[in-house]
Amino acid sequence: MSPAPHPPGQALAPTPLTWLYVPGDRPEVVAKALGCGADVVVVDLEDAVAPDRKDHALRATAELLSGPVPVPVHVRVNALDGSLAENEIRTLAPLPGLAGLRLPKVQGPADVHRAAGWATTAAPVPEHLPYAAEGPVRPAGHAVAGHPAPVRTPGVTATLAPAGPPAASALPATPALYALLESALGIEHAFAIATAHPALRGIALGEADLCGELGVRDDAGLAWPRSRTVVAARAAGLAPPPQSVHPDVHDLDGLARSCARGRALGFLGRAAIHPRQLPVIEAAYLPSAEEIATAEEIVRAATEEGGALALPDGRFVDAAVVAGARRVLDLAGRRR
């Protein structure tokens, strides 16, 4: 087995806590999502889009990502063994606004390699289809890193990059890839998937499909797949995975309880399907005042003493405990 491309001791970038899914064929909904406070907006070209709207969704998403966006935008493409994913990945991979590709129903390392190969052989950006009546693709007036965001004028058709094969020097680097494990085979191959390619930055569960395949009717049946996913991600040196979506957007109390259970299992953050779920998820995953105080005490003691030590109350502190305390303080910084 090849070694993990993400060594466990490697420093990881700050991890998002909220991932908001929005349908790719609804640009007006996507525009609103970009300003609702999610850490990542996930434009969905798969389950949320009807078959006769797939092409429209891709064109709308390509227009969105052709310029700067105010928050990181990931795109969930269609199934890798279907007829749409290759063109979607080749079209979107070179666009400057893309922060990541989410790959559904990954069964094994070969799926990751296939997607990575498509991502580095870019297709021409498709011609724009006029849909100005549906509203602007991105909120007017947003700017990123000092660059003004383009504003579409209703009734005016924008022209994207001209068609033609990209020059060899223009081929994109592989974008960040995220594998969704939604089958028994995907769970069995979790670690192999997590270490399949250097561009693979995260794994996560797709629990609805997994429950259907396994015949699972409650959370008890998902305990092992959830733990398996957390362990595989951490063994590969990846960030802890986010939880799968809570499908009842009105059940915020149930969402909070479910997030507490997920946090106890080692998840970090959660996917959402409605903006009202975002503050509940963030509150559940941010450390409490007591946890922050404990982490500060541990880090302070480690800084003063160095090496393994015992705190005044008898708790033993070693390097792993200190690392955990630093992660708590990193998350606590989001409260300020």
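The values are calculated or read from the model by the stated rules, or taken from the named source; none is laboratory data. It should be emphasised that the depicted structure is a prediction, and the values quoted were computed from it without experimental measurement. Glycine gets a Cβ as well: all are built from the backbone with ideal geometry, and neighbour counts include every protein chain shown. Ligands, DNA and RNA are stripped out before the accessible areas are found, and what is left, the full protein with its side chains, is counted by its heavy atoms. Shrake-Rupley method; radii C 1.70, N 1.55, O 1.52, S 1.80 Å.
Just a few scattered comments:
- Extension gain (nm, one decimal) between residue 319 and residue 219, 0.36 nm per residue minus Cα-Cα: 32.6 nm
- Region 53-72 versus region 199-230: alpha-carbon centroid distance in Å: 29 Å
- Surface/4 estimate of mean projected area, convex hull on alpha-carbon atoms of region 287-335, nm²: 3.1 nm²
- The heavy atoms of residue 209 present about 60 square angstrom of accessible area, all protein chains included, probe 1.4 Å.
- Potential extension, residue 253-residue 50 segment - 0.36 nm per residue separation minus Cα distance: 70.0 nm
- The heavy atoms of residue 191 offer some 50 square angstrom of accessible surface to a 1.4 angstrom probe.
- Computed about the Cα centre, the dipole magnitude for region 287-335 is approximately 240 debye when only Lys and Arg (+1) and Asp and Glu (-1) carry charge, each at its Cβ.
- Amide H to amide H distances under 5 Å link residue 272 with 19, 20, 21, where only residues 5 or more positions off or on other chains count and H is placed in the peptide plane.
- Accessible surface of residue 195 - all protein chains present, 1.4 Å probe, nearest 10 Å²: 10 Å²
- Packing-based order for 88-94, 272-278, using average beta carbon neighbours within 10 Å, highest first: 88-94, 272-278
- Residue order by solvent-accessible surface for 303, 121 is 303, 121, largest first, with ligands and nucleic acids left out and a 1.4 Å probe.
- In region 227-336 the Cα-Cα distances spread across 5 Å bins starting at 0 as 2, 11, 18, 18, 17, 16, 9, 5, 3, 1 percent of all pairs.
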